[in-house]
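I have placed the structure first, in the form of structure tokens, so that the comments after it can refer back to it.
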Amino acid sequence: MNDLKLVLIGPPGSGKGTQASRLKEKFGIPHVSSGDVLRSEVARGTDFGKQIKGFMDRGEIGPVELITSVVLDFIDRECPNGFLLDGFPRTLYQARKLDETRGVTAALYISVPEDIIVKRITGRRTCKACGAIFHVLTSPPKKEGICDACGGELMRRSDDNEETALNRIRVYKNETVPVLDFYREKGLLRTIDGDGTTDEIFSRIIEAIGQ
Ligand code: AMP
């Protein structure tokens, strides 16, 4: 089971990160969030991190070839067998590169109506320590500001404000929607209705990948 190679695609705030944690738990495959890989470069203050910080703050893609090779190297290092990618591929260029190197078993497209995306993004809170995701309205932590899973401090990601969220949605439409056609043409796209509870969406994913 741990040689499944899955990619999760969906607009920002579609629940990719939340579903990725559940899938990781169920199948034991490594979860790679390209956003987390890049945020860690920024946090460590590497040259690469300094180069991409401004793009990330604005919700833009940045130097795509460089970012692609950093993320693909990370995947090769950390995921010799299967993987679960979240946030990658984000452009047609990245989809082609992934296809040339590792390929995928299925691309899971989490489809969510646009009007609920912005609300989801701006209410999102993320644990600084373990990355667990909460929402102030729909899945609040038991104790405000504290992670249920590890007791860490919850924060709002700096790019989870309304202005950047709108920009990220625009970038998604221009750059990432063509990736859906790429996988559709290969017969690998599975569309999941992303409107519902975490459990409902998770069951739909399991059904879609036939597990
Ligand atoms: P995410 O955590 O997936 O919402 O990504 C946060 C930000 O990181 C994005 O708005 C981009 O600036 C950057 N980013 C994440 N993944 C990629 C990628 N595959 N290619 C280029 N930039 C990315």
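FYI, it's all coordinate maths here, none of it is from the lab. From a predicted model like this one, the values you see are computed outputs, not experimental measurements. Counting neighbours? That spans all protein chains shown, and the Cβs are built from the backbone with ideal geometry, glycine included.
Some observations on this one:
- Ratio of Rg to Rh over region 100-202 (Cα coordinates, Kirkwood Rh, two decimals): 1.02
- Here's the list of lysines a cross-link from Lys142 could span, going by alpha-carbon distance under 26 Å and ignoring same-chain residues fewer than 8 apart: Lys16, Lys24, Lys26, Lys119, Lys128.
- With a cut-off of 11 Å between beta carbons, the residues surrounding Leu154 carry a summed charge of +3, where Lys and Arg count +1 and Asp and Glu -1.
- Spacing of the modelled spin labels on Glu144 and Thr105, each 7 Å from Cα toward Cβ, amounts to 4.3 nm.
- Neighbours of Arg77 by Cβ distance under 15 Å: Lys/Arg scored +1, Asp/Glu scored -1, total -4.
- Stretching the chain fully between Asp193 and Ile209 yields a gain of 4.4 nm (0.36 nm per residue, less the alpha carbon separation).
- Net length gained if the chain between Glu65 and Lys173 were fully extended (0.36 nm per residue, minus Cα distance): 36.9 nm
- In the chain, Rg over Rh equals 0.93, where Rg is the alpha-carbon radius of gyration and Rh the Kirkwood radius from pairwise Cα distances.
- Rounded Å value of the spacing that divides the Cα centres of region 67-98 and region 120-176: 23 Å
- Mean residue ellipticity, 222 nm, helices only, the chain: the sum of -39500 (n - 2.57) across DSSP H runs of n ≥ 4, divided by residue count and rounded to 500, is -14000 deg cm²/dmol.
- Contact order normalised by residue count of region 38-139, Cα under 8 Å, 6+ apart, percent: 10 percent
- Relative frequency of Cα-Cα separations exceeding 18 Å in region 143-211, percent: 67 percent
- Beta bridges assigned by DSSP with both partners in the chain are antiparallel in approximately 30 percent of cases.
- Cβ-defined net charge surrounding Glu185, 13 Å radius [Lys, Arg +1; Asp, Glu -1]: +1
- Relative compactness, region 41-94, computed as alpha-carbon Rg over 2.2 N^0.38 Å: 1.18
- Computed over the chain: relative contact order in percent, which uses C-alpha pairs under 8 Å that are six or more apart: 29 percent
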